[in-house]
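Structure, as structure tokens:
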């Protein structure tokens, strides 16, 4: 019996089966894709975050300590992959005689690696020329001494005579900051620049030359253990990995107390990305879950569209004596069939999409778990959509009630309780609360192991989404059921002289139409909010990149080697729109060492983009004008203003280094404004002042940086700048594309990119399906009604008028409501996820092309549904009328 | 007179193909004529092809073989809504419109009726259904729905009404009263009636009776006495 039933449905009710199957399939596919993505993303998060880290731990032995004890303690403290010894020695200077001239340098460092070091830490040294088997000289040192492979260099030792080595190769030290970092300094200590002069010796040579120095000046040599931990053993979540790594390092410090100091580079990196990883999780919840909810709702709506026919069939079965268990058994067969078909189609689609569309390569177990959970959800959804209504109808419906397809109906409970308004108000209150705390959804204070996510914040968009969906239903229902001018106005262009009748007909179907409008609105809202959020994020990433890099192209120099000396040459390069010098010095604010930037406020805007969001309490022009009008004015970062309780107009004494005696002296500045962000500046604490004033009070007018605006191709301009500055390799040239790449490879950016790709594609499908599928199933369910119209004389054009009026009502109202709801949701998401943006956007960026595609497909699906319903011969009219 | 002939068929047959590949002959060699003002009863056992014949005569279904013409009405596409109307055996009111709008619907579809609302109201009053005007079809009993369907068929003044068991859900006294009204309205509008029925009383009140048996029309000549 069940087999005959389902085969009959397949022959005569294929659209109904296909609709429910599609709903289940799309839910399963979306859920599985998200699962694959989440499994892949979370399993590799720590790995991705630390992949570029050259050295995990640097453990520095205190002179005289037992190195074997330290080595053993390291092995005991954590699972390690490699432990190597690195020897450091100070030199008072280097000397070389080439081409008949003698070049000398200041102090430097001579280092040596033990055997196998470069195999385990290959990123520390990048060979540039020569061979790696002898003394290697750093690129900048080679330039200073004018030496290359085969040349001899004299190393001056502390307290001993010089030694000569022959250079076998020139190398770059990409990780010099870490390699030469001072281990054991407090966190607040000023950053130490790596040495300008470095030579790497074979370990035997180092011992031969510096073992004697170690005896006479033990304070000038040191030994470090460079450690690579076993990354496979670390937790996948950076937050947990941070706690584990920080704990292991502290354990080591206890074990080797008084013998060694630990620099925990790995924990520092994990600490920095903890917030990023938490935001990646937050993004999943904010952007991923609504898609699944929408797909499930679509399945329910799709089955509800055919509910009238289904209830009628059940009623007829009851009339013919079928027992409740028999009816439920038949419904269960339909549910299982649609469920299984939907699961197979959904998983196949998800696999193909994940494999070819997203290039997701997660673990097999993660993928299987995701697929299993998605299948389980799809099966439950099929049961809920098909079997549950059948069960409820057997308990409640009478046969005659089941025959009703229109009905005046009663007002739903949620509408009587004003649940929609309550949800919207609650969402508003939660949003206001989030706003009052500065939208801090993720809290991961630097150096503090505990990190938290304000999951309450998720309720804000969720309540708004559901509330606005219900509110849309209330508005649409009221307008349609009233059969007033709004409905007639909407129907009139499509129904012509039948508009009165069509509007009357639609007003009787307000409940059904409202469901279609709400589904369309939610789908359009989902697509709109996801797309606007993603586009705004990408636009802001470009702003962030420029903020990080300073401008399209920036030349970074130092006070000893300022980029500003090349300003005139740089201005003449082709493709330069503007080039602007900028000072970068260090200044003491109280005991804090901070960055200070010296600018010309009147011209800085020509070479870099400055947004109002960078400043507090005024627009860019107002703040810069205030600075320009106050020669000793200074813009202070928000954090410093709060820390030092500064008030507008206060005189602030800052200690700047004077060129005359290389000592820090207190200089009075006037606090004229707050800067939240500034090109090239760090996020937390910095100052901006007039360059003329800084030059005057320090006696040094050097401009360390040059910011350059290109006419469209920053990469090409950067290349030209590098060529121009080839004779000064100490100057660093960076273009905005490099910063974009770094920002784009952060955990949040990577996750957001994959997640939104899934969301945007499914949003298009859901938006098209929401209106087209619901309409098509509704039309199919009322095939007999349209047959009646045809039988009493409706011409195809007149029948189309009814169909077009209904289609237009659903598509137009759903789209308008959806665009409004989606825009508000996107605005809310951007505000709540402020932490993802750096700096926060001033306005939303609307992806017009994507929205046009979504709306075009939506309209196409509505047109298809209408054309399909309008098809059919007069013979099928008779069949349809008999089909009762 | 040829212009009196509303429908004429010549050797019409209708076959239906079944799912198993075989076909069934529903109508065999039907030749008949309906003239203006005729009152015809179509009788025969269930499954004899009564509904199919009515659908062919009304232009809803095309015959497999043979010819159907509507000399006084025009071509097939012009029959509905103003020239031929149907009253179906199963409920056939448009569920999303109230009764008044349902009755007015043929006039709205035909166009040119500025008074469709009042004419619909008058027709409902004629059939004693005025108090149902604002109700929805699903709020009506089966008998009420059949009477409304007949009112809807007659309101536009068609030349021919084809009614399939229009009194099937009415008690005999209500059926008689209802039929009286139908005859009056049809008479006033010059409408011919072909009523398929199992009720011999109803059939007896018609001018002539066509007997259909296993797809064969036993009597189809005009102005003959009933075969029984």
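Nothing in this text is a laboratory measurement; each read-out follows from the coordinates by a stated rule. Keep in mind that this is a model prediction, so the values were computed, not measured. Backbone-built Cβ (ideal geometry, glycine too); neighbour counts: all protein chains shown.
Here are a few things to note about the model shown:
- Across q = 0.12, 0.13, 0.14 Å⁻¹, chain B modelled as identical point scatterers on its alpha-carbon atoms has Debye log10 I(q)/I(0) values of -0.64, -0.75, -0.87, in the order of the q list.
- Over the stretch A:578-657, the pair-distance histogram of Cα-Cα distances with 5 Å bins from zero comes to 3, 12, 23, 26, 22, 11, 3, 0 percent, rounded to whole numbers.
- The angle separating the long axis of helix A:2-12 from the principal Cα axis of greatest extent in chain A is about 90 degrees.
- Degrees separating the helix A:419-436 axis from the principal Cα axis of chain A, which is the longest one: 10 degrees
- At 1.306 mPa s and 10 °C, Stokes D of the stretch B:88-221 from Kirkwood alpha-carbon radius, µm² per second: 103 µm²/s
- Taking N as its residue count, the alpha carbon Rg of the stretch A:54-176 over 2.2 N^0.38 Å: 1.21
- Pair-distance distribution P(r) for the stretch B:15-135, from all Cα-Cα distances in 10 Å bins starting at 0: 10, 32, 32, 20, 6, 0 percent.
- DSSP bridge pairs, the protein assembly as shown: antiparallel proportion in percent, nearest 5: 75 percent
- Radius of gyration and Dmax over the Cα atoms of the stretch A:763-809, both given in Å: 12.4, 41
- When the Gaussian network model of chain B links Cα atoms closer than 10 Å, the mean-square fluctuations of B:49, B:21, B:204 top out at B:21.
- Here chain A yields Rg over Rh of 1.09, to two decimals, using C-alpha coordinates and the Kirkwood radius.
- As a rough footprinting exposure proxy, the listed residues B:14, A:123, A:95 were ranked by other beta carbons within 10 Å of their own, and the order from fewest upward is A:123, A:95, B:14.
- Relative to the longest principal axis of the Cα atoms of chain A, helix A:289-305 runs at roughly 10 degrees.
- Simple label model, 7 Å out from Cα along Cβ direction - residue A:76 to residue A:432, nm: 6.0 nm
- The distance between label points at residue A:118 and residue A:658 comes to 4.8 nm (points 7 Å beyond Cα on the Cα→Cβ vector).
- Over the protein assembly as shown: helical MRE at 222 nm, DSSP H runs n ≥ 4 each giving -39500 (n - 2.57), nearest 500: -16000 deg cm²/dmol
- Counting all C-alpha pairs of the stretch A:527-648, share separated by more than 18 Å (%): 65 percent
- Pairs of alpha carbons in the stretch A:489-547 separated by more than 14 Å make up 71% of all such pairs.
- Shielding of A:714-726 by partner chains, average beta-carbon count, 10 Å: 0
- Where the Cα pairs of the stretch A:1-127 fall when distances are cut into 5 Å bins, in %: 2, 7, 9, 10, 9, 8, 7, 6, 6, 5, 4, 4, 4, 5, 4, 3, 3, 2, 2, 1, 0
- The radius of gyration of the Cα set in the stretch A:119-242, together with its Dmax, comes out at 17.3, 53 angstrom.
- Averaging 1/r over every pair of different alpha carbons in the stretch A:791-834 and inverting the result gives a Kirkwood radius of 13.0 Å.
- Out of every Cα-Cα pair that the stretch A:159-311 contains, those further apart than 20 angstrom amount to 71 percent.
- Over the stretch A:246-349: Kirkwood hydrodynamic radius from C-alpha pairwise inverse distances, Å: 19.8 Å
- Expressed in units of 2.2 N^0.38 Å, where N is the residue count, the Cα radius of gyration of the stretch A:454-598 is 2.05.
- Projected label points at residue B:4 and residue A:102, each 7 Å from Cα along the beta carbon direction, are separated by 14.1 nanometres.
- Within the stretch A:2-32, backbone nitrogen closer than 20 Å to the virtual label 7 Å beyond the Cα of residue A:376 toward Cβ: A:24-32
- For a label point 7 Å along the Cα-to-beta-carbon line of residue B:188, residues of the stretch B:103-125 with backbone N under 17 Å: B:103-104, B:107, B:115-125
- Residue-averaged beta-carbon neighbours from other chains (10 angstrom radius) around B:80-90: 4
- For chain B, the antiparallel share of DSSP beta bridges with both residues in that region comes to about 45%.
- Using distinct alpha-carbon pairs, which all enter the 1/r mean, Kirkwood radius of the stretch A:126-177 in Å: 11.5 Å
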